[in-house]
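Asker: What follows is a single structure, and I will ask about it in a moment.
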Amino acid sequence: MAEPLSVADVRAAVESLEQLRAVLSEPRVTLVYLDEACFPDDAFADGFRKIHAAGKQAGLRLRRVERSTDGGLSSGDLLRKIWEAPEPYRPDTLLIRSMDEVEIVREFIENLSQREMPKPEIVYDYTVYGYNLEAVKMLLDLGAERLTAPIELNAHELRALRRSREVLRVPGTGKAPSYELVVYGHLPMMVSANCIRKTSAGCDHANRILKLRDRMQKDMPVRCYCKYCYNQIFNAEPMVLYDLGSRLPLLPKDSIRSDFSVEGSAEVHRILAGYLPEKLTRAHFTHGVD
Ligand SMILES: [Zn+2]
């Protein structure tokens with residue numbers, strides 16, 4: 001079992017109501033992200049209210065793929081709809097996962113500032129790639145206030161990026177950007193913008209989890225986000241970094257994040273309590289590092 005990390009900002013992304021209930025009862029969790037692709041559009045207001053009622057901050061993680069053929073509201077329309085409700089029903093943070101959404105959110109934020117309304121914190125996920133100084137500068141110019149540490153970098157490279165970060169400033173604030181470090185989660189190996197079901201029986205737009213067995217007889221979870229008909233194939237083993245303590249390149253204002261996808265409530269509680277899963281991967285984090 002791992003010692004709790006020194007960082008105070010502990011975030012969790014959830015993809016189901018069961019996971020949401022589990023993280024709401026965890027006092028260490030400070031912010032909960034609801035995944036846009038995993039809850040009905042009319043469920044977000046109540047979800048954010050519940051998170052606030054539990055004394056936590058709320059976040060919206062936007063969809064991984066946005067297409068004009070998507071059912072339901074576009075991300076832009078969903079944000080505008082959410083912001084029609086009073087504050088407890090709105091998220092404090094938006095987590096952006098694709099360049100398509102960067103533009104959508106920029107437009108939305110511009111509109112908020114024209115109406116002199118407070119804007120949410122803007123966090124970019126590791127899927128919006130900020131692996132070197134130039135890329136980070138660009139993301140900051142595009143409106144990122146917090147960046148997710150790239151999962152392709154090892155501990156040394158992350159530290160180097162952290163040092164270079166000190167010379168970078170979020171435009172308009174003069175402050176160095178904070179980082180979010182994913183310390184738990186099945187990492188996506190592939191995202192596919194095709195619906196698996198549409199080709200066979202037709203899609204019922206329900207989200208589900210399938211299994212794909214690889215040559216090594218490992219079961220890789222396939223998460224079908226059929227609210228928008230895209231899929232992610234996840235690594236069979238979750239990436240775990242939360243037990244690495246001071247080896248994690250964290251500054252006091254940074255946050256750590258657990259990305260829950262296929263876990264049930266018991267597993268969510270075990271992970272947040274610091275127990276290690278039976279099988280795990282360090283992904284790139286310990287590559288070339290002792
Ligand atoms: Zn589908």
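FYI, it's all coordinate maths here, none of it is from the lab. Remember, it's a predicted structure, so these values are computed and weren't measured experimentally. Here the Cβ is made from the backbone with ideal geometry for all residues, glycine too, and neighbour counts use every protein chain on show.
Asker: Checking Arg270 against (1) in a loop (DSSP other than H, G, I, E, B); (2) without any contact (Cβ under 8 Å) to a residue 24 or more places away in the chain; (3) of a type in the set (Lys, Arg), which single condition isn't satisfied?
Answerer: It fails just one condition, (1).
Asker: Could you pull out every one of the strands (runs of 3 or more DSSP E) wholly within segment 139-222 that has 1 or more residues that are in contact with a Ser or Thr (Cβ under 6 Å, 6 or more places away or on another chain)?
Answerer: The qualifying strands (runs of 3 or more DSSP E) are 146-148, 178-185.
Asker: From the list Arg115, Arg90, which residue is surrounded by fewer than 19 Cβ atoms within 10 Å (Cβ to Cβ) and more than 30 Å from Glu152 (Cα to Cα)?
Answerer: It is Arg115.
Asker: Applying the selection to segment 209-244, what residues are closer than 24 Å to Ala43 by Cβ and in contact (Cβ under 8 Å) with a residue 60 or more places away in the chain?
Answerer: Arg223, Tyr225, Lys227, Tyr228, Cys229, Tyr230, Gln232
Asker: Condition first: under 19 Å from the mean Cα position of the chain (by Cα), away from the ligand (no atom under 16 Å from the Cβ), without any contact (Cβ under 8 Å) to a residue 60 or more places away in the chain and over 27 Å from Gly264 (Cα atoms). Can you find one or more residues in segment 180-195 that meet it?
Answerer: No: segment 180-195 contains no residue that is under 19 Å from the mean Cα position of the chain (by Cα), away from the ligand (no atom under 16 Å from the Cβ), without any contact (Cβ under 8 Å) to a residue 60 or more places away in the chain and over 27 Å from Gly264 (Cα atoms).
Asker: Restricting segment 26-51 to residues that are in contact with a helix residue (DSSP H, G or I) (Cβ under 8 Å, 6 or more places away or on another chain) and more than 20 Å from Leu94 (Cα to Cα), which is surrounded by the most Cβ atoms within 10 Å (Cβ to Cβ)?
Answerer: Glu26
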